[in-house]
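See below for the structure under consideration.
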Amino acid sequence: MAAFNFSKNVTVAGINLVETRPTTITGNQQISRQKIHAAAAAKTGTLTTRTDDNTGELTMSASHGITTGARLDVYWTVGGVFGCRRGMTVGTVATNAVPIDGGTGDVLPAAASAVVAMVPVEYELKFTGNLLQGLAMNSTVNGSIVIADGSSDLLSLAFPASYLYLWSYGTTGLVNPLASQVPTKVFMSVGDVLGGTTTLLGVTND
């Protein structure tokens, strides 16, 4: 038996409310995936060409390591607003010129915008979506986590630094985000060249 415990903390006008009795959700199997992304795993660049909302070309810093056909997550901050497009496909790379297309998330920023890009780390992650009891995801810096099956992205989320995504059966008021799905993998990345940590935790009744 696996347990999924969480509590609530709210502060308004200097008054702090804390739920001292944590909520506990139980399941038969725990889910745990965490990646400590090393500094320089994400690379800096510029969106040199913007063809449309999900197509363009990046000019990346030297030794970026991005290869033709790779999956790529692209991050940016424009006017203080955080943006991220996940699961883009890399076209034919020519030295530091990296064509990008597709993906999900925010539309690409204006041409000449500074970006940070990273090839996400992939892990196996198998469970039955209908049997999910609790799910939490977080990144210590701007980051993203994408839960997928063999052919498509099922749940694609980007997180500003330290944001916590939480879903639990019968308590959050949200519909099961993976109902009727059968995930097989998860992709994790960060949009910070100094590195950071992405974490996925959960329990299922598989």
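Note on residue 123 and residue 67: their simple-model spin labels are 2.3 nm apart, each label 7 Å out from Cα toward Cβ.
For the pair residue 114 and residue 205 in one chain, pulling the backbone fully straight at 0.36 nm per residue adds 28.4 nm over the alpha carbon distance. Comparing 168, 151, 189 in a Gaussian network model of the chain, where Cα atoms under 10 Å apart are tied by springs, the biggest mean-square fluctuation is seen for 151.
With a/c under 1.5 counting as rounded, go ahead and sort region 3-45 into rounded, prolate or oblate using the C-alpha gyration tensor (a ≥ b ≥ c being the square roots of the eigenvalues; past the cut-off, prolate if a/b is larger than b/c, else oblate).
oblate
Placing a label point 7 Å from the Cα of residue 131 along the Cα-to-Cβ direction, the residues of region 12-30 with a backbone N closer than 15 Å are 26-30. Projecting label points 7 angstrom from Cα along Cα→Cβ for residue 101 and residue 16 puts them 5.2 nm apart.
Full extension of the chain between residue 49 and residue 9 gives 10.0 nm of extra length, using 0.36 nm per residue less the Cα-Cα distance. The label point for residue 152 and the one for residue 94, both projected 7 Å from the Cα toward the Cβ, are 3.5 nm apart.
Highest-first packing order for the peptide set 43-52, 114-123 is 114-123, 43-52, based on the mean count of other beta carbon atoms within 10 Å. Taking a ≥ b ≥ c as the square roots of the Cα gyration tensor eigenvalues, with a/c under 1.5 meaning rounded and otherwise prolate when a/b beats b/c, else oblate, which class fits region 1-133? Since a/c reaches 1.5 and a/b is larger than b/c, the shape of region 1-133 is classed as prolate. Residue by residue, region 61-70 carries 3J(HN,Hα) couplings of 5, 4, 6, 6, x, 7, 10, 4, x, 6 Hz when phi is fed to the Karplus relation 6.51 cos²θ - 1.76 cosθ + 1.60 (θ = phi - 60°); x denotes Gly or Pro. The C-alpha atoms of region 39-99 occupy a region whose extents along the principal axes are 30, 30, 19 Å, arranged from largest to smallest.
Values quoted throughout were computed directly from the atomic coordinates according to the rules given, and no laboratory measurement underlies them. Here the structure is a predicted model, which is why all the values come from computation and not from measurement. For neighbour counting, all protein chains shown are included, and Cβ atoms are generated from backbone atoms with ideal geometry for every residue, glycine included.
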